[in-house]
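Peer 1: Structure provided below as structure tokens; questions to follow.
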Amino acid sequence: MIDYRIKNVLEKLSYSNFRNSFKLKEKDKLYINEKGLETIRKHTEDFIKDRLSPSIINNDGKQTPTKGHPTFIAQHATATCCRGCLYKWHHIPKGVELTSSQQEYIVNVIMSWIDLNIKK
């Protein structure tokens, strides 16, 4: 069951042509099935902690690749790819380190999107 806040933001993001252009490819789905959702969640937690959590990110706006891992695709689809997008779409301020609850929210948004899209 998706939390109402996540459901609302995913619905809003679905109206963005840019955000809606990101799709999981068959190889991404195979990777997810091979590794399992818990492993993908752990990878996602690590990516968010390392790439988005710091208060200052030197390459902000360019730190998330557009391919190479299902999480990266989901980050672009869910506007959790950089601090600018986090602010615009999720109202999470820039310039301060992400709290553990903010990181958990971001991971839950990404994993909700992945869960919805592995079935497509």
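Peer 1: Of everything in segment 1-10, what is open to solvent by 60 Å² or more (accessible area, probe 1.4 Å) and assigned to a helix (DSSP H, G or I)? Give them in sequence order.
Peer 2: Within segment 1-10, Tyr4, Arg5, Lys7, Asn8 qualify.
Peer 1: Across segment 109-120, what is the total count of residues that are out of contact with any helix residue (DSSP H, G or I) (no Cβ under 6 Å at 6 or more places or on another chain) and part of a helix (DSSP H, G or I)?
Peer 2: Count: 3.
Peer 1: Now a separate question. Restricted to segment 11-56, and to residues that are of a type in the set (A, V, I, L, M) and closer than 19 Å to Gly84 by Cβ, which residue is most open to solvent (accessible area, probe 1.4 Å)? Explain how you work it out, then say what you get.
Peer 2: Residues of segment 11-56 that are of a type in the set (A, V, I, L, M), as a first pass: 13, 24, 30, 32, 37, 40, 48, 52, 56.
Imposing the further condition that a residue be closer than 19 Å to Gly84 by Cβ reduces the set to 13, 48, 52, 56.
Values: Leu13: 6, Ile48: 0, Leu52: 0, Ile56: 131 Å².
Here the residue is Ile56.
Peer 1: In addition: If I go through segment 57-103 residue by residue, how many of them are loosely packed, with under 14 Cβ neighbours inside 10 Å and either in contact with a Ser or Thr (Cβ under 7 Å, 6 or more places away or on another chain) or of a type in the set (A, V, I, L, M) (or both)?
Peer 2: Number satisfying all stated conditions: 3.
Peer 1: Please list, ordered by residue number, the helices (runs of 4 or more DSSP H) wholly in segment 21-105 having 1 or more residues that are touching a Cys at 6+ places or on another chain (Cβ under 7 Å) and closer than 26 Å to Lys119 by Cβ.
Peer 2: By residue number, 70-77.
The values are calculated or read from the model by the stated rules, or taken from the named source; none is laboratory data. Please read these numbers as outputs of a predicted model, since none were measured by experiment. Note that each Cβ is placed from the backbone with ideal geometry, even for glycine, and that neighbours are counted across all protein chains shown. Remember, those area values only see protein heavy atoms, side chains included, never the ligands or the DNA or RNA. Shrake-Rupley method; radii C 1.70, N 1.55, O 1.52, S 1.80 Å.
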